[in-house]
Amino acid sequence: QIQEDLNKQLLNNLVSFLSRSHSDFQEKTTEWTCRMKFREIPTAALVLGVNVTDHDLTFRGLSDVLQDNITPYVALLEAKDCPGIKNLMQKLMGQLMNCDIDVDPLEDEDCVQISQNRIRCSMSSLISWYESVTKKTDSETPSKKRNSSSRHWQSPPVVVIFKDMESFTTKVLQDFIVISSQHIHELPLVLIFGIATSPMIIHRLLPHSVSSLLCIELFQSLSCKEHLSTIIDKLLLTSQFPFKLGEKVLQVLINIFLYHDFSVQNFIKGFQLCIVEHFYSQPLSVLCCHVVDIKKRVYSLSHDQCENIRRLPSFRRYVEKQESGKQIELLTNDSFLKEETEKLLKDLHVYHENYVSILRCLHVFTSSLPKYPLGKQIRELHCACLENRVWETEEYESSLQLARMLNKTDLVTMLQQCVEILMSSSGKEFDRTVEKLKEFLTQFQNLEAEVSQERDVSVSSQKELQKKTDLYHLQKTLLELKESRRSKKLTKFEMLRFEVVDYIDSLVRRYLVPADDRTLHEIVYFNAATVLRGHLNAAPRTALHTALNNPHWYLKNQALKCDGGGISNKAPDICIVYKLHLECGRLINLVDWLEAFSTVVMAAEEPNAETASSDQVDDIIHARFIRAVSELELLGFIKPSKQKTDHVARLTWGGC
């Protein structure tokens, strides 16, 4: 929903562009006549950024908006489905005609199966179909026509969206554009190019003779970093959702986003994984709920769950700070423990409300400073506050020093924003704070009158200075001015500025205490960064080695369990072959390998039999061995050797 809201302006601009392009065609205006003369196709270059995994959601939303407001004829094309112009036309006509493409490879590839009829995939067929469809719409009864025209235009354009333009081959694009431009006076075609890199890719893929056939308008989506900042702002920095991410976990998700894929969708999936992992692994996660449900859930706790509360490190620290009588009650009396737990959880909820409000106020100040010591984005400031006491860091000290040099206009603007933030907050402790900030604003306004009076006094003193033409008196007066500037005291504005910054500092020290210092934070905060990193940063080689070397680890079958590095004949064939290949050198003799495999497999059936020779190997065992070796080759552990035809070369070395 957030991403749809962020893309709303972009989609509205695209709809406006398509409306203009269509109206030109429908009214046959001078502009469209000029386009017809030069055979230009209206084209939207949509720059979406390198976060390719998020593009599907954008294109899906764009397609829905177009079909609801402009035209029912929208086709989404991907490069993997269009290796040639024939495939492109098949896919295009199949989507526009709302039918599945059924192409017989033995027959003409240029045709599409529609019901019992076969239509040749060509631009002339597409134009004939479009004319028949629009004529059918025009011939409908007035009531039906009125209903359809309320959603779509009378002669709706045909919109073709190239989702990944960079992946299309140059020849396919050139052929389609040249063919389409020759029929633009018959078919109101509009192209949309989905671009991940730069608009210059259009001119790199297409020669000037082809790109000149396009009337291109550029559209730029919001950057993926802005998307992420909004997601964090709406999902994490709110008291609406009780579940929270710890600093290390949030840093893992942000690092994967910044250094891997820039995908907001993958960030959301990681966030969902954190929720699942927290509620699966934390036995007290039942208490991670909205404040209105806390009392009901706390008093439904069992004795074992009460013992789990007593084991929490933060609760132990809390108990140690209490007097001895209360300590005994907390550790022995479940009813008293539940009352205290309810109070502590409500205090934690209030802490979150206050934390978010003061964090936003601090961000108002730090984001306006030069060099951004604490980061420009609120997510960076949030991570700094979660990690440790932010007021003890060098970045915070430098931020305060810079804030003490802000001019009056910036300070007044920041204070007004802070007042708005605190007044819209659900926290009940900020009434006095709002009054204090408003008092600062009043003092700044009163300073203006005093400054104007001082300016008049300084002007009069300068006039008196100009009247003193005697060199001695002039030098004396200048020396007195210089001495007064040296021993100059702080002005009222500077004193007020220091007072404002010190007051904001006191709010930070009071409300932005790290979550780890709060009692029962383990219930609502997920801090298992190692577990999350293990899920998201996969180690396929290690997992593969474990599966092949010790299948019991995954299959949980006791028959596969073997100690001392032995090989169980109950294991899958590929596991037996893999463990045997670990005992070999660079080149593996296939005959020796087969005999060893046969020995292991037939050990249970013939425990006293001697090692079987190659002539006595059963055909079934031989076939199983060939299949297992082929699977190992497919996984990349071995390859055929050119040195010896009956040997294979080993490709992996060392332990995992």
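The values are calculated or read from the model by the stated rules, or taken from the named source; none is laboratory data. Quantities reported herein were computed from a predicted structural model and do not represent experimental measurements. Reconstructed Cβ throughout: ideal geometry from the backbone, glycine too, with neighbour counts over all protein chains shown. Accessible surface is based on the protein model in full, side chains and every heavy atom, while ligands, DNA and RNA are left aside. Shrake-Rupley method; radii C 1.70, N 1.55, O 1.52, S 1.80 Å.
The table below gives the values:
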quantity	calculated
Two-site label geometry, residue 394 and residue 621: point separation in nm, points 7 Å out along Cα→Cβ	7.0 nm
Positive dipole terminus of the range 540-650, leading residue within 553, 543, 603 (C-beta point charges)	543
Table column - 3J(HN,Hα) (Hz), the range 214-224, Karplus curve with 6.51, -1.76, 1.60, x for Gly and Pro	10, 9, 8, 10, 8, 10, 10, 7, 5, 5, 5
For residue 123, solvent-accessible area (1.4 Å; no DNA, RNA or ligand), Å²	10 Å²
With every protein chain in place, the range 540-650: carbon and sulfur % of accessible area (1.4 Å)	52 percent
For residue 217, residues with placed amide H under 5 Å, excluding near neighbours	43, 44, 45
Residue 476 accessible area, 1.4 Å probe, all protein chains in place, Å² to nearest 10	100 Å²
Solvent exposure ordering (accessible area, 1.4 Å, most first) of 267, 493	493, 267
Computed Kirkwood radius, in angstrom, where 1/r is averaged over Cα pairs of the range 540-650	14.7 Å
Rh (Kirkwood; distinct C-alpha pairs) - the range 276-424, Å	18.4 Å
Heavy-atom accessible area ranking, 1.4 Å probe, most first, across 546, 58	546, 58
Using a Förster distance of 30 Å, the FRET efficiency for residue 47-residue 235 (Cβ separation, nearest 0.05)	0.70
Across 244/295; 376/408; 91/225, pairs whose alpha-carbon gap is larger than 24 Å	91/225
DSSP-assigned coil residues among trypsin sites (Lys or Arg not before Pro) in the range 293-371, each with at most 15 further Cβ atoms within 10 Å	321, 371
Order of exposure, largest accessible area first, which applies to 164, 64 with probe 1.4 Å	64, 164
Net charge of Cβ neighbours under 13 Å - reference residue 649; Lys, Arg +1; Asp, Glu -1	+3
Percent RCO, i.e. relative contact order, over the range 540-650, from Cα pairs under 8 Å lying at least 6 residues apart	26 percent
Heavy atoms of residue 16 accessible to a 1.4 Å probe, total area in Å² rounded to 10	50 Å²
Between the range 517-534 and the range 219-278, the Cα center-to-center distance that results, in Å	16 Å
